[in-house]
Amino acid sequence: QVQLVESGGGLVQPGGSLRLSCVVSGDVFSVNTMAWYRQAPGKERELVATHIPAGDRTNYADSVKDRFTISRDMAKNTIYLQMNDLKPEGTAVYCCNADVYRVPPERWSNYWGQGTQVTVSS
């Protein structure tokens, strides 16, 4: 079994900041790409930010560039999302996603966390 558990969501005023965390645990041999997605009410799920270990590369949605920062603690299988200057349109459930290698069965699989609610409102 593999679990992804997010934390750090909450209510914040426009212009405020939050830091989300996601821990991968369980029968984990290795973790490759990890990412944050969000889904606002009535909207499709959106890729927010990605971290790729090879080359320590990061990618961001245009809507969050220069405001959000994804970082990672490889030893702890944990990623973070520092969100600054939050806007009301950032209200959504933020979910963590990871590509995990398990032994057994010696293969890569993709996993999702349950998500954490972020509400940006005055």
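The values are calculated or read from the model by the stated rules, or taken from the named source; none is laboratory data. The model shown is predicted, which means the values in this text are computed figures rather than measured ones. Positions of Cβ are generated from backbone atoms using ideal geometry, with glycine treated the same way; all protein chains shown enter the neighbour counts. In case anyone asks, the SASA skips ligands and DNA or RNA and just uses the protein heavy atoms, side chains included. Shrake-Rupley method; radii C 1.70, N 1.55, O 1.52, S 1.80 Å.
So which residues in the stretch 69-91 are open to solvent by 50 Å² or more (accessible area, probe 1.4 Å), outside any strand (DSSP E or B), more than 23 Å from F29 (Cβ to Cβ) and of a type outside the set (K, R), if there are any at all? If you could, list the steps in order and put the result at the bottom.
As a first pass, look at the stretch 69-91 and keep what is open to solvent by 50 Å² or more (accessible area, probe 1.4 Å): 69, 74-76, 82, 84-85, 87-89.
Narrowing further to those that are outside any strand (DSSP E or B): 74-76, 84-85, 87-89.
Keeping just the survivors that are more than 23 Å from F29 (Cβ to Cβ) gives 84-85, 87-89.
Hits for the stretch 69-91 are N84, D85, P88, E89.
Scanning the stretch 92-113 for residues that are in contact with a Leu (Cβ under 8 Å, 6 or more places away or on another chain) and assigned to a loop (DSSP other than H, G, I, E, B) returns a single hit, G113. Among the residues of the stretch 20-46, those identified as assigned to a strand (DSSP E or B) and loosely packed, with under 14 Cβ neighbours inside 10 Å are S25, G26, S30.
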